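The values are calculated or read from the model by the stated rules, or taken from the named source; none is laboratory data. Note that the coordinates shown come from a computational prediction; the quantities given were computed from them, not determined experimentally. The area values use the complete protein model at the heavy-atom level, side chains included, leaving out ligands, DNA and RNA. Shrake-Rupley method; radii C 1.70, N 1.55, O 1.52, S 1.80 Å.
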Amino acid sequence: MKVNICIVAALALVVCALAVDATSSQKKKQVIIDTDANTDDAIAILWLLKRTDIDIKAITVVGTGWASLSSGLTNIFNMLAFMGRNDIPVTWGGGYALYDIKHNIYGCTYAKTIPNAPGGRQWADTLVGLAHCFPKAGPGRYYNPNAPGAVDLMVQVLNSTRDKVDILALGPATNVADLLSAHPWAKVRIGRVVFSGGAVYVGGNIFTNVPNTYAEYNALGDPDALAAVATSGVSLVLVPLDATGQLIVNQTYLDRLGVNQYTSEAAWVYSLLRTLQTQMGSVFNTYSLWDPYAAAVLVDQSRYADTVNKIKITVVTQDLNASEVGRTKPDSRNGSSVSVVLRPDDVVFDDLIYYLALEDNSSPSPRCTESANGGWYAWN
């Protein structure tokens, strides 16, 4: 039996509207977003910007992940301008993994696993060409020699409120580890660190020529940093491939998003995913809601996570086992107790469309459309 996609999408939006009403009276959750500014990070951040129950206090960019630090910063600045949110402070963080700093080698040991060609830094740095759709943030945003770095900005946020602040880590844990190392007291001011990454009972996703079948990219980006966060005593929620691997963006979902392009941000996300689909070919069948799902867990763990277990985890580093570096390994004897999301609730698919298409808090910027030669430009 054929089902009208528009009707299904409309019914889903009605259900989501009921969820919005149920949460409208709740106090806003205060959040610091730490990101490596990849494509799925962009979707997650846009989604959080649309929510009225989330107060984004700052965004810090880490340079040990997919995007180059300068490009990632620029894209985040411009994305906030696109959403009319130049009030949110943005700054840079670590550019080298803790292993490199500790051994004084600065050789981008783990960052080398990210290819520079399409499918790697190039697509993260340009957001597969769609970074061009964002307006310029203005000269006052791009450069400020007196601006605090990631750790100092995080400290400012933690000291600015009596409420605990959650940290959403959408890239390697470098900045969060630096914060907890320089300011151990910060862990009592942090509600949770929700880390998008790891692979506990499933294989990893390192697709380059690296003999490692265990690690996930965000964990591998700075395994020593993730190990430091896990053993720090902070409340850590791991959102690994075990859960996110179940949230593949298929053609049916892409079509649903396509008929709900009511806002510039919904149109941007649809264009992003469609471009990735074209560039990746059959490999797009592995593209998942990695970071958007981690953002959902941060928003409402009870709504979006079907199974969350306390598991003792050891993050494998070079000093422990070079062939398994970055692995988030169950270790009942020596591991640190971590909350691990093992099974998602796929309501996240409906909610992602609902909030992106919502007129409230929508972008004041024009949407992008594709030109005949495959480029993108904005239009009213």
Subject >> 16 Å Cα-Cα reach of K102 towards aspartates and glutamates, excluding residues that sit fewer than 8 places from it in its own chain >> reply: D178, D222, D224, D319
Original post:
Within the accessible area of the range 29-362, what % is carbon and sulfur when the probe is 1.4 Å and the other protein chains stay in place?
Top reply: 49 percent
Original post:
Over all Cα pairs of the range 121-230, how is the pair count split among 5 Å bins, expressed in % and running from 0 up to the last occupied bin?
Top reply: 2, 10, 15, 16, 16, 17, 13, 8, 2, 0
**OP:** Grab every C-alpha pair in the range 227-380, bin the distances at 10 angstrom width from 0 up to the longest one, and report whole percents.
**Re:** 10, 30, 29, 20, 10, 1
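Using a probe radius of 1.4 Å on heavy atoms only, what accessible surface per residue do you get for the chain? Whole Å² is fine. Don't skip to the end; give the middle numbers.
Numbers: 15760 Å² over 380 residues.
On a per-residue basis, the chain sits at 41 Å².
Mind checking which helices in the chain clear 18 Å along their axis (Cα) and have mean Kyte-Doolittle hydropathy of -0.5 or more, DSSP H runs only?
Working: long enough: 5-23 (27 Å, 2.57); 69-82 (20 Å, 1.11); 264-280 (24 Å, 0.05).
Qualifying helices: 5-23, 69-82, 264-280.
For H132 and A322 in one chain, what is 0.36 nm times their gap in residues minus the Cα-Cα distance, to one decimal in nm? Let's see the in-between values first.
Details: separation 190, 0.36 × 190 = 68.40 nm, distance 3.94 nm.
Using 0.36 nm per residue and subtracting the Cα-Cα distance, I get 64.5 nm.
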Original post:
Amide H neighbours of V193 under 5 Å, counting only residues 5+ apart in sequence or on other chains, H built in-plane at 1.01 Å?
Top reply: I167, S235, L236, V237
